[in-house]
Amino acid sequence: MVVKFHGLIVIGNSYQHIILSEETENDFLKNKIEESPPPSIFSGHQILKQIENLKLKKITEVGAEQWNAPICKSSGWHKRSIFWDLPYWSTNLIRHNLDVMHIEKNVFENVFDTVMDVEGKTKDNAKAREDVKIYCKRKELEKNEATGKYPKACYSLSKEEKKVVCEWVSQLRFPDGYVSNMARCVDMCKYKMYRMKSHDCHVFMQRLIPIAFRELLPLSVWKALIELSLFFKDLTCSTIRVEDMNRLIKEIPVILCKLERIFPPGFFDSMEHFPIHLPYEAKIAGPVQYRWMYPFERFLRHLKKKVTNKAKVEGSICNAYLVEEASTFCSYHFEPHVNTKLRKIPRNDDGGEVETSEGLLSIFNFPGQPYGQAKSRRLTDKEYHQAQTYVLLNCDEVQQYVKIFVEEVVGNTPNITDAQVDGKLENEFANWFKIYAWDPNKNVTNQMMKDPATGPLKDKMLTLKQHAISVDPASTNSDLLQR
């Protein structure tokens, strides 16, 4: 429960102060100050005692609905759950599990469809604007009586801006297996995204929202969306710490209050409230990877593909699963040269042998497979610089010179930030390395270092739509896909 009064946000027993001016107070409910204390957090034994005092019946008992109907009007409890019959249920710290996958998907869709002003899905409609007039003091969102139209909100994009976002998404390229083809979800006629899977929303929420709307939304709106994106990114880390979850418990009410100042009251439903509880659940139950629905839904899809007789669905799945389990067990006893499901070649490996040579940089020692027809063209100066910088910064042999460059930059500018150092690496390292490698006083005698310092030949090059590589997880370059 979120209680707000005099700029104080209360979540359970935790308090978070927010400085509100007279102008920002108008962004919330008008003429109302909530001064009631936060509700206390009940233990399992206290909840069970309350249910027993109300004498609620289980839904399986005869006449339970008629008996519970008058009780639920005054107490909020609708029934006695059968789980309370379990001896350990009242001692559980968490008696429910909120699915982070669907919560993140629904929150993203609410935000994205409202910002993109998708007809029929946006939360910024006529009814929401009427609610603003009733509950808030936000004249900029109220109906213009002279024209009979609602003014454009600061958080929604124009048609030209939506076109820019859709064109950008349709041209995105991701590492193989990182995400599905998002270009198929782009509708360039209505400038919207549709048929996005849960994992597409997951990637867009955490990785693309900070970039997609950076130059299109006002700074205050963009920063609030950034904080929401970082919240889900920190929440879904594979490794979490108690102090990080405590930090998120304090940050999420502030983030929601910032969103409340931006979006109309109709934007907020139960899905926008659920993130309040997610850090506490992660703090008690651990990383979300063991609790959200991704592995379960993927396994269910695997089982549904085994259905061959729709008249006997369960039997068809059981029979196919037993065959798969038996054949997998037997495959362990085959000779090593026999290709099995557990020994299959990676899909991005063309099967050829990679010849390692002393004159070949480590970044080019990965088996791969090209996609699409190769085209010959000349690179622009910007593309030429990007290609050279990428090769140098992701090559093991050059890392010692990267350290020297960073040390020089930090020595010349002691107060420089990490972001500024990264910017200098992207923009200046290639030219610095060229001068450094060919300087006779630096004693760089290895020709394999001088050649990449010079850069690729400025001639026509073959370009491919995509080239997938297979990276050995044990390799030191296994983070190439992340870079």
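Just name the residue that is farthest from ARG291 (Cα to Cα) out of those in segment 92-138 that are in a helix (DSSP H, G or I) and of a type in the set (Gly, Ala, Ser).
ALA126
Within segment 68-91, does at least one residue satisfy the condition of being outside any loop (DSSP other than H, G, I, E, B) and under 30 Å from ARG261 (Cβ atoms)?
no
Would you mind finding the one in GLU397, GLU407 that is exposed (fewer than 11 other Cβ atoms within 10 Å of the Cβ), part of a helix (DSSP H, G or I) and more than 31 Å from the chain's Cα centre (by Cα)?
Among GLU397, GLU407, only GLU407 is exposed (fewer than 11 other Cβ atoms within 10 Å of the Cβ), part of a helix (DSSP H, G or I) and more than 31 Å from the chain's Cα centre (by Cα).
What is the residue count in segment 298-329 for residues that are among the aliphatic types (A, V, I, L, M), surrounded by 11 or more Cβ atoms within 10 Å (Cβ to Cβ) and in a loop (DSSP other than H, G, I, E, B)?
Count: 1.
Is it true that some residue in segment 441-450 is of a type in the set (Val, Ile, Thr), loosely packed, with under 12 Cβ neighbours inside 10 Å and more than 17 Å from CYS395 (Cβ to Cβ)?
The answer is yes; a qualifying residue exists.
Look through PRO253, PRO295 and report the one residue that is under 30 Å from ILE103 (Cα atoms), in contact (Cβ under 8 Å) with a residue 40 or more places away in the chain and assigned to a helix (DSSP H, G or I).
When all the criteria are applied, what remains is PRO253.
What are the residues in segment 52-67 that are touching a residue at least 12 places away in the same chain (Cβ under 8 Å) and not in a helix (DSSP H, G or I), if any?
Within segment 52-67, LYS55, LEU56, LYS57, LYS58, ILE59, THR60 qualify.
Just one of the numbered conditions (1) surrounded by 15 or more Cβ atoms within 10 Å (Cβ to Cβ); (2) over 26 Å from GLY286 (Cα atoms) is not true of ASP99; which one?
The one condition ASP99 does not meet is (2).
If we scan segment 369-379, do we find a residue that is surrounded by 15 or more Cβ atoms within 10 Å (Cβ to Cβ) and assigned to a helix (DSSP H, G or I)?
no
Keeping to segment 330-345, report how many residues are in a loop (DSSP other than H, G, I, E, B), at pLDDT 80 or above, within 40 Å of the chain's Cα centre (by Cα) and surrounded by 10 or more Cβ atoms within 10 Å (Cβ to Cβ).
3
Take the residues of segment 256-292 that are part of a helix (DSSP H, G or I) and of a type in the set (D, E, K, R): which is farthest from GLU140 (Cα to Cα)?
For segment 256-292, the residue satisfying everything is LYS283.
Rundown of residues vs (1) among the β-branched types (Val, Ile, Thr); (2) surrounded by fewer than 16 Cβ atoms within 10 Å (Cβ to Cβ), yes/no style:
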{"residue": "PRO151", "(1), (2)": "no, yes"}
{"residue": "LEU157", "(1), (2)": "no, no"}
{"residue": "LYS162", "(1), (2)": "no, no"}
{"residue": "VAL165", "(1), (2)": "yes, no"}
{"residue": "TRP168", "(1), (2)": "no, yes"}
{"residue": "ASN181", "(1), (2)": "no, yes"}
{"residue": "VAL186", "(1), (2)": "yes, no"}
{"residue": "ILE211", "(1), (2)": "yes, yes"}
{"residue": "SER220", "(1), (2)": "no, yes"}
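The values are calculated or read from the model by the stated rules, or taken from the named source; none is laboratory data. This is a predicted model, so every value here is computed, not measured. Positions of Cβ are backbone-derived with ideal geometry, glycine not excepted, and every protein chain shown enters the neighbour counts.
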